[in-house]
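The values are calculated or read from the model by the stated rules, or taken from the named source; none is laboratory data. All values reported here derive from a predicted model rather than from experimental measurement. When we count neighbours, we look across all protein chains shown, and the Cβ atoms used for this are built from the backbone with ideal geometry, even at glycine. The protein model used for the area step is the full one, side chains on, heavy atoms only, and it has no ligands, DNA or RNA in it. Shrake-Rupley method; radii C 1.70, N 1.55, O 1.52, S 1.80 Å.
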Amino acid sequence: MILPQDVYCIGRLGKPHGVKGEVSFLFTDDVFDRTDCDCLILSVDHILVPFFIEEYRFKGEQTALVKFCDIDTQQQAAGLTGCEVFFPLQEAGGEERLPWAQTVGFDLYDNRTCKVAGRIAAIDDTTENVLFELADGQLVPAAPELVTGIDTRQRRVCMDIPDGLLG
């Protein structure tokens with residue numbers, strides 16, 4: 001059984017392309033092209049199901065056309081339209097490669113005080129310095145040198161928050 005904490009969302013399937021079972025894939029992370037993983041995980045009726053990739057080709061910077069094994073008709077491909085696409089954390093190189101956007105909803109744990117500083121409500125990546133925006137509105141730099149670990153099971157980002165940064 002595939003558990004939600006073992007995967008992260010990398011996009012969504014769009015409409016079928018052609019009549020041979022190909023489907024458009026709008027992705028936010030091209031990890032599927034950078035690794036040797038031969039399947040993508042789809043959320044089908046809220047159940048995480050592996051679909052093995054027969055072949056894929058890029059259609060743009062954020063779109064690919066994917067042909068899954070055993071999906072051979074336009075009708076079968078249409079049944080996958082709108083499915084969220086996930087990728088196994090283990091195949092992505094583990095939690096250290098988890099995109100910041102996937103930490104929204106995680107607790108931000110301060111190693112120095114041994115307390116939860118707040119819940120990550122959003123990621124501000126509009127500037128070169130990415131920030132965690134906490135639910136109470138406080139901003140904390142998402143600097144890799146401050147982050148000591150990400151625990152997807154406990155949904156927690158652990159970091160050494162500098163003194164005086166939080167009010």
Stretch residue 73-residue 33 to full length: gain in nm at 0.36 nm per residue minus the Cα-Cα span?
-> 12.0 nm
Estimated FRET transfer efficiency (residue 19, residue 112; beta-carbon r; R0 41 Å; 0.05) = 0.10
How much area per residue is accessible in the chain when the probe is 1.4 Å and only protein heavy atoms are counted (Å²)?
-> 57 Å²
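Note down, for segment 33-78, the three equivalent ellipsoid semi-axes (square root of 5 times each alpha carbon gyration tensor eigenvalue), biggest first, whole angstrom. Please list the in-between numbers first.
Details: eigenvalues 63, 42, 25 Å².
Square roots of five times the eigenvalues give 18, 15, 11 Å.
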How many lysine pairs does segment 1-132 hold where the Cα atoms are under 28 Å apart and the two sit 8 or more places apart or on different chains?
-> 5
Carbon + sulfur, % of accessible area of segment 53-129 - ligands and nucleic acids excluded, 1.4 Å | 43 percent
Spacing of the two label points (7 Å from each Cα toward its C-beta) at residue 45 and residue 126, in nm = 4.2 nm
Counting Lys and Arg as +1 and Asp and Glu as -1 over every other residue whose Cβ sits under 12 Å from the Cβ of residue 20, the net charge comes to -3
Once the other residues with Cβ under 15 Å from the Cβ of residue 80 are scored (Lys, Arg +1; Asp, Glu -1), what is the net sum?
-> -2
Any idea what Rg and Dmax come out to for segment 25-121 if you just take the C-alpha atoms, in Å?
-> 16.6, 57
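With a sphere of radius 12 Å drawn around the Cβ of residue 160, what net charge do the other residues whose Cβ falls strictly inside it have (Lys, Arg +1; Asp, Glu -1)?
On the way: positive: 112; negative: 110, 145, 163.
Value of the local net charge: -2.
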Here Rg/Rh (Cα, Kirkwood) for segment 101-161 equals 0.92
